[in-house]
1. State, to one decimal in nm, how far the label point of ASP88 lies from the label point of GLU76, with both points 7 Å from Cα in the Cβ direction.
2. Taking amide H positions as placed 1.01 Å from N in the peptide plane, with prolines and chain starts having none, which residues 5 or more places from SER128, or on another chain, fall under 5 Å of its amide H?
3. Pull up all non-local amide H partners of VAL68: gap of 5 or more, or a different chain, and H-to-H distance under 5 Å with H placed in the peptide plane.
Amino acid sequence: MNVAAIILAAGASRRLGHPKQLVPWKGEPLLRRGARLAWGAGLRPVRVVLGAEVESCREALSGLEVQVLLNPHWEEGMGSSLRAGMADLPPDVDAVLLLVCDQVALTGEILGQILAAHQAHPDRGVASRYGGVLGIPALFPRRFFPALSVLRGDKGARGLLQDGDALEIPFPGGELDLDQPGDLERFLELALAAEVHRGSNWLESKD
């Protein structure tokens, strides 16, 4: 099965105050880390949709085998980036995995579990569960492509997962993203608490 990745990274991070795509995490920008994890999980092709901060984000991806897509309508919201990514998929893609770049707890292990669930049930969607909801990273087989291709405004793909059909993969820490100043510090505090509780080094969990 050929599963592509679309990384939605076009936003301007206005609430954060600086580009979240370029925030360093574990020695590399978050955008580069997300793209590297997608490639390492075997996703092909890996498309990265950019809008704001194009040149600096493109530089952060230097040397990776990913394709950058420019979304000139990025200010319309996530739906426009989804449409841009879906429009560029090769015809032989059987499913698409949607990601964002600022889920600092994302690991290659989580992506592997999502892909394994898809391999076992290729006709069903697969979503991450965190914070009491289903969300990204989420995998959609081809039957979802028409709906993904017409999403508008700031509406993401979450609504397509709420029909009870999606397989669920637990994603500890998936709700921790970078939207407001202080979010990274909050994540570090929670990660340290989890490390102490589990008796293991969560911060160095498998990429």
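Rule-based calculations on the coordinates, nothing more; no lab input. Please read all numbers here as calculations on a predicted model, not as lab measurements. Note that each Cβ is placed from the backbone with ideal geometry, even for glycine, and that neighbours are counted across all protein chains shown.
1. 1.6 nm
2. Under 5 Å from the amide H of SER128 lie the amide H atoms of GLY135, ILE169, each far enough along the sequence or on another chain.
3. Sorted by chain and number, the residues that satisfy this are VAL48.
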